[in-house]
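Right, one structure below, let's go through it.
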Amino acid sequence: MSFIYFDHAATSPMSSEVLAAYVEAANGGPGNPSSLHAHGRAARERISLARDTFARLLSCQASELIFTGSGTESDNTALFGAARAQRQRGRSGIVTTAVEHHAVLHACRQLEAEGFRLTILPVDEYGRVSVSEAKAAIDETTALVSVMAGNNETGTLQPIAEIGDWARNHKAIMHVDAVQAFGYAELNLKEMPIDLLSLSAHKINGPQGVGLLYVRKGTHFQPILYGGSQERNRRAGTENVAGIAAFAKAAEIAYGDLSIRREHAEEIRSAFLARLSEHLGQDRFVVNGHPDERLPHILNLSIPGVSSESMLMNLDLEGVSASGGSACTSGSLKPSHVLLAMNLSTERVSSAVRFSFGLGNTIEEADKTAKITATISARMRIRL
Ligand SMILES: Cc1ncc(COP(=O)(O)O)c(C=O)c1O
């Protein structure tokens, strides 16, 4: 049986060039970047080159970048680090959205338990937050605003520029989780009103277990990990040198051909939708998420009458890997908090499946998977 991987939003395969960069760095000797000797200097140099690459790609200063151990760690460091620093300035409000990844939402809940006032903004049926509602929630007491760039379950993009401008006018810190948008959207930090930005390597064909946090110069921020003086005293712990080198390689490749990458994902997505309409019928399924303001590589759809679990199980039996929502909840039967926040019907929520596309996927795979999906749906409906 041939296997089809349509779960790139959960994690994406390392490309051969990235793997080569990883192996080259891992083979490069046993240097701890904090050591003063030649081996340590060589490891430090690798990190420094990687940091320069990100500074160039994101249009920021290298000193504004902190390497972390994951997107989750970047989010937590941003939120706890900024919220605690802001509390010392008498600001205690946190504003976020109902569709954030749990790395943000659960961290915000913890901050609420520590005494912060939390406002969770609702979203419309497409998963988009309203700028006017965000503006109404942000004032002079707001410490921090956290709004994701692109959603991991539906791909819906948020109006981060408008919200960021408003946050800046009120001297609130603006955090953006760009873990899914990175590698598909332009992120120019010189121009965008963003103070903190979280990224993760394994969503852009880099290795798992490496993240990046951008902290704009002058942003009030406290570290959350204490220990050594790595990352200019902002994130203690020996750096993942090979992982960081490979992450920089993956980012360089992604941004070297951003439009090709976007077009490729868009082509697979459209082919899949066209074939599904053909085989299943256009009125038999519905796409969840914004029709235009969206990332190109994520497709979330519901096939009423066929539960997410049965669809995923049957797809798996046919060699197709897809997902029921975010990777963290896909192993459980819990309905997606993102789709619930969009106020979709119970039937739509319980039959949602996420297909996400990327490196190595082909139109033939899209055709085949659409056909398999239609066949499974027909089989399931007969059983009803
Ligand atoms: C939007 C978003 N934020 C944060 C994360 C967490 O990243 P990591 O898996 O690197 O911890 C993910 C992972 O799925 C994500 O999609």
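The values are calculated or read from the model by the stated rules, or taken from the named source; none is laboratory data. Small disclaimer: the values here were computed from a predicted structure and weren't measured. Note that we place each Cβ from the backbone using ideal geometry, even for glycine, and neighbour counts take in every protein chain shown. Just so you know, the surface numbers come from the protein's heavy atoms only, side chains and all, with ligands and any DNA or RNA stripped out. Shrake-Rupley method; radii C 1.70, N 1.55, O 1.52, S 1.80 Å.
The table for this structure:
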| read-out | value |
| --- | --- |
| Fully extended contour minus Cα-Cα distance, from residue 117 to residue 340, at 0.36 nm per residue | 78.0 nm |
| Isotropically averaged projected area of the stretch 16-256, using the convex hull of Cα atoms (one quarter of hull area), nm² | 12.4 |
| Nonlocal amide H pairs with residue 320, under 5 Å, H built at 1.01 Å | 4 |
| Chain lengthening between residue 379 and residue 232 when straightened (0.36 nm per residue, less Cα-Cα) | 47.1 nm |
| Accessible surface, 1.4 Å probe, highest first, among residues 202, 39 | 39, 202 |
| Magnitude of the charge dipole, the chain, Cβ model with Lys/Arg +1 and Asp/Glu -1, debye to 20 | 860 |
| Helix runs (DSSP H) in the chain reaching 20 Å along axis by Cα, Kyte-Doolittle at least 1.0 | 241-256 |
| Area of residue 5 that stays accessible when all protein chains are in place (1.4 Å probe, Å², to 10) | 80 |
| The stretch 16-256, accessible surface, carbon-and-sulfur percent (1.4 angstrom probe) | 49 |
| Trypsin sites (Lys or Arg not before Pro) restricted to DSSP loop in the stretch 72-123 with at most 13 other C-beta within 10 Å | 89 |
| Distance between the stretch 181-223 and the stretch 351-384 - C-alpha centres, whole angstrom | 33 |
| In nm, spacing of pseudo-spin labels at residue 139 and residue 371 (7 Å Cα→C-beta vector) | 6.1 |
| Model label zone, residue 186; criterion: amide N under 15 Å from point 7 Å along Cα-to-beta-carbon; scope the stretch 235-258 | 255-258 |
| Largest to smallest accessible area among 182, 285 [probe 1.4 Å] | 285, 182 |
| Spatially near lysine pairs across the chain, Cα under 19 Å, sequence gap of 8 or more or different chains | 5 |
| Local electrostatic count at residue 156 - Lys and Arg +1, Asp and Glu -1, tallied over other residues with Cβ under 11 Å | -3 |
| Residues of the chain: accessible area per residue with a 1.4 Å probe, Å² | 42 |
| Per-residue ³J(HN,Hα) for the stretch 233-239, Karplus 6.51 cos²θ - 1.76 cosθ + 1.60, θ = phi - 60°, Hz, x for Gly and Pro | 6, 9, 7, 6, x, 4, 6 |
